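Undergrad: First, the structure itself, so that you have it in front of you.
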Amino acid sequence: LDIGKKPFRVLITGGRGMLASDMAGTFSATTPWIIKAPGHGELDVTAFQSLKEALTHWRPNMVVHTGAVTDADLCQRQPELAYRVNAWGTANVARICGQLGIELVYISTCGVFDDEIKANTEYNPVTLKTHYARAKYEGELAVKEFTPRHYIIRPGWLFGGLPHHRKNFVYRRYLECFRKPVVLSAGDRFGSPSYTVDLAVKIRELVGTGAYGTYHIVNEGLSSRHEYVQEIARCFKLGTTIEETTSQQFPRVADVPFCEALDNFNLRLLGLKPMAPWQDALARYVHRLKKMLNLW
Ligand SMILES: NC(=O)c1ccc[n+]([C@@H]2O[C@H](COP(=O)([O-])OP(=O)(O)OC[C@H]3O[C@@H](n4cnc5c(N)ncnc54)[C@H](OP(=O)(O)O)[C@@H]3O)[C@@H](O)[C@H]2O)c1
């Protein structure tokens, strides 16, 4: 009875990014979907006309919009860039998906809450402390306005991807721990470390439900930056001392919240299984990264 049934087509924006590349790999390995993941150079979400032509031509069933300016300090220094790409660019994607009847998965951010140390649910009010957060949140509003069939996803502190990915926190900390006997790390910043591959698997599960809405999707457990780096060193079996300090040691242009931890509240309401603890996910990623680095 499947004869003549067209395959499900998925387009991922920002295709060369850390999350997009793991998502494309995971979807390709675990679904019959046809995946297209053009990079920024091939598909720029700020160019409305060419974006519309590309989506009209390829006609995906679903767009996963990961493309963004992800450096919060750069966004703080250049707010125009932050709003052009993260807010206006997302509105472009949402308008076109709305017009063409395409389902949209928008990857937002965990940095939309205040400094209180707790795992925020989808029902906690937002506090927008940085241009990055405000621009990503404006993207959420545009998605709600222009695309009825949408999922807004807020992930945690993401790890995954290839060593060359700019956002590869785990690889960078590995190099730092490998080179130095003592590494300083902030004990006053909290988040939910989360694996890109686990996120991709959960998104695949979520879009199968048709329960449109806003979802926090993180691996289980809240962690300080210090605990996170300690765990990275442990997974690589490095004897580096990870010394706890405060974030004053690492001055930033963007006043990012002290807490970016999330609770998968809506996923639980929907009845989807809890995510693996972040330590378990990190061990799986370090295993994969070691293979990529020939560290066996
Ligand atoms: N990393 C995290 O911890 C984290 C946490 C929560 C949410 N997120 C969200 O997850 C998504 C993916 O982030 P990531 O960590 O994979 O970051 P990433 O590696 O920086 O990926 C973002 C990609 O978007 C591309 N891009 C930038 N401007 C674009 C434009 N105008 N049109 C199309 N693509 C554009 C970038 O290309 P160029 O580099 O060539 O400009 C880059 O390849 C982002 O939406 C981010 O806000 C990330």
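Undergrad: Largest first, how would Thr209, Thr109, Thr46 line up by accessible area (1.4 Å probe)?
TA: Most to least solvent-accessible, the answer reads Thr209, Thr46, Thr109.
Undergrad: Quick one: of the DSSP bridges fully inside the chain, what percent are antiparallel, nearest 5?
TA: Among the beta bridges of the chain, antiparallel pairing accounts for roughly 5 percent.
Undergrad: Next question. Using 0.36 nm per residue of separation minus the Cα-Cα distance, give me the extension gain between Arg288 and Lys237 in nm, one decimal.
TA: 16.9 nm
Undergrad: So, one more: Check the straight Cα-Cα distances from Lys36 and name the lysines below 20 Å, setting aside those fewer than 8 residues away within the same chain.
TA: Output for Lys36: Lys5, Lys6, Lys52, Lys202.
Undergrad: Tell me the accessible surface of Lys291 in square angstrom (1.4 angstrom probe, heavy atoms of protein chains only), to the nearest ten.
TA: Probe radius 1.4 Å; accessible area of Lys291 about 120 Å².
Undergrad: Nearest 10 degrees, 0 to 90: what angle lies between the long axis of helix 131-146 and the longest principal axis of the chain (Cα atoms)?
TA: 30
Undergrad: Further question on the same structure: Along Cα→Cβ, 7 Å out, is where each label goes; now give me the distance between the ones at Lys5 and Leu141 in nm to one decimal.
TA: Label-label distance for Lys5 and Leu141, simple model: 4.1 nm.
Undergrad: Considering only the other residues whose Cβ falls under 9 Å of the Cβ of Ser247, what net charge follows from Lys and Arg at +1 and Asp and Glu at -1?
TA: Value of the local net charge: +2.
Undergrad: Given Cα pairs under 8 Å that are at least 6 residues apart, what percent is the relative contact order of the range 142-296?
TA: Computed value for the range 142-296: 32 percent relative contact order.
Undergrad: My understanding is that a pair violates if its Cα-Cα distance is over 24 Å; which of Lys129/Lys180; Lys167/Lys237; Lys118/Lys291 do that in this structure?
TA: Lys129/Lys180; Lys118/Lys291
Undergrad: Taking Cα pairs under 8 Å and at least six residues apart, what relative contact order does the chain come out at, in percent?
TA: Relative contact order for the chain comes out at 20 percent.
Undergrad: On the full set of protein chains, 1.4 Å probe, figure out the accessible area of Arg149 and give it in Å² to the nearest 10.
TA: 90
Undergrad: Something else about it: Per residue, how many Å² of accessible area does the chain show with a 1.4 Å probe?
TA: 46
Undergrad: Here is a follow-up. Indicate the gyration tensor shape class of the range 21-178 (rounded, prolate or oblate), computed on the Cα atoms with a ≥ b ≥ c the square roots of the eigenvalues: a/c under 1.5 is rounded; otherwise a/b larger than b/c is prolate and the rest oblate.
TA: Since a/c reaches 1.5 but b/c is at least a/b, the shape of the range 21-178 is classed as oblate.
Undergrad: Does anyone have the angle between helix 169-179 and the longest principal axis of the chain? Alpha-carbon axes, 0 to 90°, nearest 10?
TA: Roughly 30 degrees between the two axes.
Undergrad: Lys144: which lysines have alpha carbons under 17 Å from its alpha carbon, excluding same-chain residues fewer than 8 sequence positions away?
TA: Cα-Cα hits under 17 Å: Lys136.
Undergrad: Taking the chain as the reference, fit the longest principal axis to its C-alpha atoms, fit the long axis of helix 278-292 to the helix C-alpha atoms, and give the angle between the two in degrees, 0 to 90, nearest 10.
TA: 90
Undergrad: In whole Hz, what ³J(HN,Hα) sequence does the range 73-90 give by Karplus (6.51, -1.76, 1.60; θ = phi - 60°), x for Gly and Pro?
TA: Residue by residue, the range 73-90 yields 5, 4, 4, 5, 6, 10, x, 4, 5, 4, 6, 4, 8, 7, 9, 5, x, 5 Hz.
Undergrad: How big is the accessible area of Leu293 in square angstrom, nearest 10, if you roll a 1.4 angstrom probe over the protein chains?
TA: 50
Undergrad: At a 1.4 Å probe, what is the % contribution of carbon and sulfur to the accessible area of the chain?
TA: Ligands and nucleic acids excluded, carbon and sulfur reach 54 percent.
Undergrad: Let me ask something additional. Over the chain, how many percent of alpha carbon pairs lie in each 10 Å bin up to the one with the longest distance?
TA: Percent of Cα pairs in each bin: 6, 28, 36, 22, 6, 1, 0.
The values are calculated or read from the model by the stated rules, or taken from the named source; none is laboratory data. It should be emphasised that the depicted structure is a prediction, and the values quoted were computed from it without experimental measurement. Cβ atoms come from the backbone with ideal geometry, glycine included; neighbour counts cover every protein chain shown. Quick note on the areas: whole protein, heavy atoms, side chains included, nothing else; ligands and nucleic acids left out. Shrake-Rupley method; radii C 1.70, N 1.55, O 1.52, S 1.80 Å.
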